[in-house]
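The block underneath contains the structure these notes are about, expressed in structure tokens.
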Amino acid sequence: MLISTRGRYALRVLIDLAEHANGGYIPMKDVAARQDISLKYLEKILPVLTKNSLIEGVQGKGGGYRLTKDPDEYRVYDILILTEEDLAPVSCLADTTKVCERKSECRTLPMWEKFYALTRDYFSGITVADLMQTDTGDMYVI
């Protein structure tokens, strides 16, 4: 399993919006500058976050984006599933894969299933609020 920049940057955007929340909308150019992520790349991530109601945006003067919930309501697992589509360590466990013909005799499947469960449980236990707790200021890397 490899978490792409899309998943990592989505987390960085949500953390940044949470840390700089002031009740208003935050221009994405500000987030892009603080996080050193190109605005063009962020424009590919934002639709996923807005479509799934993790953030809301307003165009025009005073516009930008903000979180739709409190930071402790955003689970890392949910964010990664939206951006990565699946975190399965092997293709036979992916949601989009048909059932493997060797499933009944596969000696490694139980190991992969346990690893996948550990991954789900681990990321489900971490929220954006938890990630805000680090004492690194505005500069953090995920």
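Structural remarks
- Some residue of the stretch 92-108 being loosely packed, with under 10 Cβ neighbours inside 10 Å, outside any loop (DSSP other than H, G, I, E, B) and either within 15 Å of the chain's Cα centre (by Cα) or not basic (Lys, Arg) (or both): yes
- Residue that is more than 27 Å from PRO89 (Cα to Cα), part of a helix (DSSP H, G or I) and basic (Lys, Arg), where the choices are LYS40, LYS61: LYS40
- Considering GLY7, GLY23, the condition of being modelled with pLDDT of 95 or more and either closer than 30 Å to MET111 by Cβ or outside any helix (DSSP H, G or I) (or both) is satisfied by GLY7 alone.
- Hey, THR50 in a helix (DSSP H, G or I), hydroxyl-bearing (Ser, Thr, Tyr) and either within 14 Å of LEU11 (Cα to Cα) or touching a Cys at 6+ places or on another chain (Cβ under 7 Å) (or both) or not: yes
- For the stretch 49-63, filtering for residues that are without any contact (Cβ under 8 Å) to a residue 40 or more places away in the chain and under 14 Å from the mean Cα position of the chain (by Cα) leaves 5.
The values are calculated or read from the model by the stated rules, or taken from the named source; none is laboratory data. Owing to the predicted nature of the structure, the values given are computational and were not obtained by experimental measurement. With ideal geometry, Cβ positions are generated from the backbone for all residues, glycine too; neighbour counts draw on all protein chains shown.
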